[in-house]
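The values are calculated or read from the model by the stated rules, or taken from the named source; none is laboratory data. The shown structure was predicted, so the numbers you read here are calculated from the model rather than taken from an experiment. Positions of Cβ are backbone-derived with ideal geometry, glycine not excepted, and every protein chain shown enters the neighbour counts. Calculation scope for accessible area: heavy atoms of the full protein, side chains included, ligands and nucleic acids excluded. Shrake-Rupley method; radii C 1.70, N 1.55, O 1.52, S 1.80 Å.
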Amino acid sequence: MNRPASAPSALVRKALDRLDLYAALAGIIFGGLAAAVAACTGAFATTEILLSALAGSVLYLVFRSRGAPRMPREMSVETAARLRLVLNVVFVLALAASLLLSHVCWLRPQAYFVLMSVAAAAAAGELFCLRSRSSVSLVLIKALLIAVTLRAGLAYEFPGFYGSDTWEHAVVIESWAKGAHMTRFTPLGQTTYYAYPVFHLFAVSARILSALPVKESMFLSATLYQVFSILSVFVVVRRLAGERAGLLAALIAGFASFLVVWGAFMIPNALGTALFAVILMLALKSGGDHRSNVLLLLMCGVLITTHTISSFATAVSLAGMLVGALLWRAAARERSHEPASRATFVPLFWVGMLSYWMYAWFYYESPFFQNVFGWFQHALRTDVALAGVPYAASDAPLNRMFFLLLIGFAVVGALSWLSQRERNSVRTAVLGGAAAVAVTIVVFPMLGIGNLITGRWLAFAFLLAVGPMACGLLPMVRLASTALARASVTGVLVFGVCFFSVNNAGVNLSAPFSDVPGHYPYARSEMAAVDHCAQQDDQLVVTDRPFAQEYPRTTYPQMPLEFLGTHPDDIAATPSTPPVYLVRVRVYDHLYLLESSEDGTSYLPDGSREHRVYASSTTEAFIRAT
């Protein structure tokens, strides 16, 4: 005999039936109030994020009120074949033209990024004329081509490295390759990556086996793995929301600015994002065969020994996925033999990660817990204050439009996953993981805790949010009544999203929406100026801090360096070897690169009074007149 449900149980069941509606209303109310407070306090970056979430909540309610979309009229076989032919021609021409522009131009022109957006739109338009498995494979190949083209174009736009940490990693790789063994000591001193060597060992192996330069070895060992991790994104989202959403998510992952920038950096964290995508795919795989479990454990071990931030972001994500799945099953009283996040695996990952961290810290002088958790205790006691979010506002809102679009459409997709018709434990687990990473990204900087470098977690947050984002875009596509119209709308939407993504200052160094690029690579003439100064032994070189800490320090470790802007009286130099002031032309336009003295002033050589000893189109070198 069944007992009648209690009143609290009935209320909970009724609330769960309308969970998406209540969540959307809460997002509108909280987002509006929080955005108003943030705007009043001058936190404009936070205001934009909250307004994006609010817009996503409103957009979802609009789609929800329209009900289920109408089934479109099917595209005929002849029309689908002709459309695929046209789209394939457009894709090939756009990709070929963009590659040609990247080779004949010193900087990739704006036309390059427009053509890449056209190629992405052509690939997306094919989603509604798929007729076979080969068509699906062709779209995935196009996503891979877009991904590798954007990452290689950024990484090889200049002769040096794109990114600051990349220079030091190159020194470690070259040192291990030449010595044919791992060593804790490099020409730059002791390296902490002796305990986290996976990426460097991959690059050393590629360096030795292929005889390629160190830059190409790093590209093969980080960027290429990240490119092929797009296939894992497709598998995950296909299981969550279907094949069309999976293909759309793979395309977005191919041109997403977060992943493009990390791919061009060629550092352990880039490899970490690839491993994270594979781990996510294995953790969400239905069933629990032994081969998948063994591969999952292997990938986790590789990730833990690759990078601390990558492993910790993965641990937080897995914990959030487990909590999300368990909460849903408790509320829905659902029992499943296919857990979205294996209950025993998550604590095992945490134990393995912390155990290895303690082992790795054995090589350093101070205790592990004092270094890893001491800052957290100190911050909670002394630094608990609103310090802003890691996503700081840039000089133009359009420069960060892709980030805001990601938030808005991800909210639409997440709310649809919470609806009674779409909700299940796997989707709830992914939303739990995304929520855990989002909370970590926002809360820790608000407490003034910057040691986790949560700004680097955006790539991991994107991999969790790209599924909801794809599902948030599809309702707009379904507003069209025919399959041909839906293909056209998909192409237009993807063109817009891709255009804003590739025109971010981190991807496009001459972005139209920003005057300050995410990072300055160095021209060959700038590096040649350092080579000229290095011809004299013990020559003291004074140049701007970012440049000094990258090319001169890593290429000539014994070269004495001082930072430009320091007053000449504070520079230790001998009369026999006066310092050479190496001034890059871009410093005159970006004076924030200079050091400041206690009174706030910065010293910059005057070309009319100093003795010029070197000059090129990008760099000048002076000896201070006495």
Problem - Hits among lysines - C-alpha to C-alpha of K178 under 26 Å, sequence gap 8 or more where chains match - result: K215
Exercise for the section: Provide the descending list of Cα extents for segment 240-331 along its principal axes, expressed in whole angstroms. Expected result: 42, 34, 26
Completion exercise
Given backbone amide H placed at 1.01 Å from N, residues whose amide H is under 5 Å from that of V542, ignoring those fewer than 5 places away on the same chain, are E562, V580, Y581, L582
Handout entry: Solvent-accessible area, 1.4 Å probe, carbon plus sulfur percent, for segment 221-274
Key = 64
Problem - Estimated inter-spin distance, E243 and T79, nm [label 7 Å along Cα→Cβ] - result: 2.0
